[in-house]
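The values are calculated or read from the model by the stated rules, or taken from the named source; none is laboratory data. No experiment lies behind these values; they were computed from the predicted model shown. Note that each Cβ is placed from the backbone with ideal geometry, even for glycine, and that neighbours are counted across all protein chains shown. Keep in mind that these areas ignore ligands, DNA and RNA; they rest on the heavy atoms of the full protein, side chains included. Shrake-Rupley method; radii C 1.70, N 1.55, O 1.52, S 1.80 Å.
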Amino acid sequence: MMQTLNAYTEIVGHDVIDQLRQLAEPLKGRKVVHVNSTRMGGGVAEILAKLVPLMNELGLDTHWEVINGNAEFYQCTKSFHNALQGNTIAIPESQLRNFEEVNRQNAEQLRPVLEDADIAFIHDPQPAPLLSSFPERRGKWIWRCHIDVSRPHRPVWKYLRGFLTGYDASIWSLPDFAQTLPHPQYIIPPSIDPLSEKNIALPDSDITAVYERFDIDPERPLVTQVSRFDRFKDPVGVIESYRLSKRFVPALQLVLAGGGATDDPEGEAVLNEVYDATNGDPDIKILLLPSDAHRTINALQRASDIVMQKSTREGFGLTVTEGLWKGKPVIGGNTGGIRLQVINHHTGFLVSTPEGAALRTRYLLNHRDILDTMGIKAREFVREHFLLTRHLREYLTLMVVLMNDHPERVELS
Ligand code: UDP
């Protein structure tokens with residue numbers, strides 16, 4: 001369903017939408033190209049699917065391109081992901097050469113769209129080397145980092161940094177992630193689309209349907225984590241915390257809903273670890289959902305008492321925003337972008353261990369009034385900080401700044 005900007009006025013008000021139109025005015029007709037490595041699965045695809053149509057609606061000529069790679073390429077980029085988020089990993093030279101070659105091939109395929117782009121947003125490490133194939137580019141190129149690089153494994157960061165220094169700017173989700181680079185760095189956290197199938201208000205029938213479909217008892221408490229099966233999301237830790245809570249709340253049920261992203265080769269191994277950890281407990285539901293199951297995920301989050309995101313590293317964590325927006329307190333790992341969203345004791349609880357998550361789960365389930373108050377605060381916090389309209393405003397502002405020859409003074413009309 002095509003959303004128009006006007007539809008957002010009922011959520012954020014007229015002024016916000018008017019300001020977006022004003023900001024977009026000097027950018028009308030400009031060619032903007034986003035490039036990432038998957039159209040399905042994960043937060044980047046989720047955001048681009050919503051942001052790109054709105055940029056087009058505002059009159060920018062916006063394109064979304066996806067690079068393709070072979071299995072070795074995704075092996076390598078998953079190692080980048082793990083190493084940038086802190087794991088010590090040695091990546092074989094042959095994989096690095098393949099990574100570079102795959103990027104050269106993609107650059108040729110994308111040349112017609114990229115060579116005359118006014119602005120190119122290159123998302124995450126996978127397509128970062130594309131810039132090297134455009135030495136004569138005329139537009140501004142921005143590297144947009146979505147992952148937690150607060151403590152990267154240095155040799156891998158050093159290798160990738162070589163591809164980043166030529167960019168005109170970079171964007172990070174929070175200040176902790178910014179690195180030493182010879183260009184301006186901007187802090188722009190991600191966002192959710194309140195009108196998408198993933199986040200829109202649902203009739204009760206949708207919630208009832210997920211209870212029935214997944215054999216969840218609506219009379220018993222439910223904790224849910226929605227995530228790709230990735231070790232940084234700590235699904236096994238979620239199961240441990242559920243077990244600890246269940247000793248005190250025997251009726252507790254747990255849903256771990258996930259699927260794979262097309263650029264994530266490790267999911268299957270992690271999923272097997274998760275199955276082992278469940279030990280056949282019928283109150284743990286492992287749900288493998290197709291990548292377009294947005295409404296089902298929406299309903300599962302709404303059906304839950306608490307949303308969990310017990311990551312040990314997290315660039316941002318859209319699933320946290322999604323839970324908060326549905327009026328659920330979120331118990332989240334005390335890391336990266338989760339810290340921006342989970343305000344301890346207000347919108348949820350930050351935790352570092354399964355024990356901590358279990359303690360907070362029991363506390364909230366035993367204090368329903370506090371759970372409800374936190375849920376109300378949670379939704380308002382997202383309205384103020386993490387909706388697509390704020391994200392769009394910041395991207396537009398950045399584009400105006402970069403297109404302007406005198407970035408210290410920006411004229412908007
Ligand atoms: N998601 C989904 N299906 C799944 C798992 C995740 O649609 O099986 C969505 C989830 O609702 C969220 C996004 O994918 O919108 C994940 O973004 P997040 O920032 O939480 O994590 P990432 O996967 O980018 O590390």
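Values for this structure:
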| item | result |
| --- | --- |
| Unique residue being in contact (Cβ under 8 Å) with a residue 24 or more places away in the chain, assigned to a helix (DSSP H, G or I) and surrounded by fewer than 24 Cβ atoms within 10 Å (Cβ to Cβ) when the list is Leu340, Leu324 | Leu340 |
| Qualifying residue in segment 57-72 (condition: in contact with a strand residue (DSSP E or B) (Cβ under 7 Å, 6 or more places away or on another chain) and surrounded by fewer than 17 Cβ atoms within 10 Å (Cβ to Cβ)) | yes |
| Selection within segment 172-193 - farther than 17 Å from Arg339 by Cα and not charged (D, E, K, R) | Gln179, Thr180, Leu181, Pro182, His183, Pro184, Gln185, Tyr186 |
| Options Gly69, Gly86, Gly59; residue that is within 16 Å of the ligand (Cβ to nearest atom) and part of a loop (DSSP other than H, G, I, E, B) | Gly86 |
| One residue from His367, His385, His345 being at positive phi and open to solvent by 20 Å² or more (accessible area, probe 1.4 Å) | His345 |
| Residues (farther than 19 Å from Arg144 by Cα and open to solvent by 30 Å² or more (accessible area, probe 1.4 Å)) located in segment 101-122 | Glu101, Arg104, Gln105, Glu108, Gln109, Arg111, Pro112, Asp116 |
| In segment 303-340, the residues that are within 21 Å of Ala49 (Cβ to Cβ) and out of contact with any strand residue (DSSP E or B) (no Cβ under 7 Å at 6 or more places or on another chain) | Gly315, Phe316, Lys326, Gly337 |
| Among residues of segment 312-345, those that are more than 12 Å from the ligand (Cβ to nearest atom), within 22 Å of Ala201 (Cα to Cα) and of a type in the set (D, E, K, R), counted | 1 |
| Selection status of Tyr211, of a type in the set (Ser, Thr, Tyr), modelled with pLDDT of 95 or more and farther than 25 Å from Asn82 by Cα | yes |
| Members of segment 167-221 found to be touching a Gly at 6+ places or on another chain (Cβ under 8 Å) and either open to solvent by 60 Å² or more (accessible area, probe 1.4 Å) or outside any loop (DSSP other than H, G, I, E, B) (or both), listed by number | Asp176, Phe177 |
| Test: residue in segment 143-166 that is part of a helix (DSSP H, G or I), touching a Pro at 6+ places or on another chain (Cβ under 6 Å) and touching a residue at least 60 places away in the same chain (Cβ under 8 Å) | yes |
| Qualifying residue in segment 123-139 (condition: open to solvent by 40 Å² or more (accessible area, probe 1.4 Å) and touching a residue at least 60 places away in the same chain (Cβ under 8 Å)) | no |
| Residue within segment 175-186 that is at pLDDT below 95, hydrophobic (A, V, I, L, M, F, W, C) and under 17 Å from the mean Cα position of the chain (by Cα) present | yes |
| Set Gln75, Gln109, Gln95: member being part of a helix (DSSP H, G or I), over 21 Å from the mean Cα position of the chain (by Cα) and within 30 Å of Lys233 (Cβ to Cβ) | Gln95 |
